[in-house]
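A short worksheet on the structure shown next.
The values are calculated or read from the model by the stated rules, or taken from the named source; none is laboratory data. Not measured: the values here are computed from a predicted model. Glycine gets a Cβ as well: all are built from the backbone with ideal geometry, and neighbour counts include every protein chain shown. Only protein heavy atoms, including side chains, enter the accessible area calculation; ligands, DNA and RNA are left aside. Shrake-Rupley method; radii C 1.70, N 1.55, O 1.52, S 1.80 Å.
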Amino acid sequence: MKRNVGVSRWFHLVYLGNLVWAPVFDPAADWVDWALVAVVVVAFVPMYMLSWRRPEHVRRWSLVPTVVLGALATPFNAGAAVLFVYAAVFAGLSESRRVAMRWFVGLSALICVFGVVSVVEMPYRVWALLPSLIFLWVVGLVQVEWAEREREGSELRIRTARVEHLATLAERERIARDLHDLLGHTLTAIIVRAQLVAADPARAQAEAAEIERTARAALGEIRDAVTGWRTASLETELEAARGALASLGVEVVVRRDPDLVIVGSTEHELALALREAVTNVARHARARTCHIGVEARDGELRLVIADDGVGGHAREGNGLTGMRERIAALGGVVARTVTAGTTVTIAVPLEVAT
């Protein structure tokens, strides 16, 4: 394909043949006229080559020099007006539509001037200049349209690349949050059960089996998270929360509206938020009781996790930051209050959640 384009570009130089009509059909032509043709061709071909080899420098190296060359040659050889057609192509290639149109008008004015000021006799002068005047506009406008399509295509490719880049970043952030939520909760459960094994040898076999089950489940969840197939549910996370906190001696009290039906995507994010909150209770709270509530109130779906632990004003970690990002994407907010214990309230608009 590229080879065909290159051949067609060289083929376009055939229009320089307009330069030879004057010396061929003028009985008074001599070597000076042929020398002028040779000088124009030798000077123009490098400009033409540069126009498609270095398109960023078309105006400086091709457009302006071609106009100057045509202005110098056309009074003595009307066929040299074909250079103004090439100049129109260069203008369409390098300039905006508005600027290119100004070039077309200027080039047309030059041709009209040379229709008056020229050593070429009438009517040969008009026969040589008129086709160039017409084709200047025809070919120039075609080039403008082609260049605009190329620019639009280039801009579209750039926008598409940006969208793909942003989508890649968003997917990486999603996987990072999922892995953090999965590993944080699961590793906490494994650590707690391992501590129980050390503290109570009589429970070693049962706890070791539970550690193995938890580790295998975590491995499956991680694989699903990486491939984007995992969907968490509140019911599953509530059961996991009961089991994890009960092993620490924390009583879990759940209050959930049985008539509340939550859409899958919102339930997935709420389930992961619940997992993170319960993990923090298990790690840091040293609580005796944890209350978990899921209910609709004041146009919001609220998930509340409240413990009676030590509280504290420790700096929020990656888990809470990721939780806020997840809920913010749903149009919701996360509030954390610390008094005699810690309460995390997650609120999502009902029209998003149900």
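Looking at the range 20-121, what helices (runs of 4 or more DSSP H) fall wholly within it and have at least 3 residues that are modelled with pLDDT of 85 or more?
Numbers: elements: 21-25, 31-53, 64-73, 82-94, 97-116.
Result: 31-53, 64-73, 82-94, 97-116.
Assess whether E239 counts as being part of a helix (DSSP H, G or I), closer than 18 Å to V344 by Cβ, at pLDDT 85 or above and open to solvent by 10 Å² or more (accessible area, probe 1.4 Å).
Answer is no for this residue.
Counting only residues that are in contact with a Gly (Cβ under 6 Å, 6 or more places away or on another chain) and outside any helix (DSSP H, G or I), which one in the range 251-295 is modelled with the highest pLDDT?
R255
State all residues of the range 296-310 that are surrounded by fewer than 18 Cβ atoms within 10 Å (Cβ to Cβ) and assigned to a loop (DSSP other than H, G, I, E, B); if no residue qualifies, say none.
Correct list: D298, G299, V310.
Could you please give the count of residues in the range 41-78 that are within 17 Å of L129 (Cα to Cα) and open to solvent by less than 10 Å² (accessible area, probe 1.4 Å)?
Matching residues across the range 41-78 total 6.
As an exercise: evaluate T337 against (1) in a loop (DSSP other than H, G, I, E, B); (2) free of Cβ contacts under 8 Å to residues at least 12 places away in the same chain; (3) under 30 Å from A170 (Cα atoms) and give the number of the one condition it does not meet.
(1)
Taking the stated definitions as given, is G153 in a helix (DSSP H, G or I), touching a helix residue (DSSP H, G or I) at 6+ places or on another chain (Cβ under 6 Å) and not hydroxyl-bearing (S, T, Y)?
Taking the combined requirement at face value, the residue does not satisfy it.
List every residue pair whose Cβ atoms lie under 6 Å apart, where the two residues are 6 or more positions apart in sequence or sit on different chains, the first residue falls within the range 97-115 and is open to solvent by 50 Å² or more (accessible area, probe 1.4 Å), and the second residue, located anywhere, is modelled with pLDDT under 90 and assigned to a helix (DSSP H, G or I).
From residues that are open to solvent by 50 Å² or more (accessible area, probe 1.4 Å), the pairs are R97/V144; W103/A91.
Of the numbered conditions (1) buried (at least 18 other Cβ atoms within 10 Å of the Cβ); (2) in contact (Cβ under 8 Å) with a residue 40 or more places away in the chain; (3) closer than 18 Å to G293 by Cβ; (4) not aromatic (F, W, Y), G319 satisfies every one except a single condition; which is it?
(3)
Where residues in the range 316-334 are farther than 16 Å from T279 by Cα and outside any strand (DSSP E or B), which of them is modelled with the lowest pLDDT?
So the residue we want is R326.
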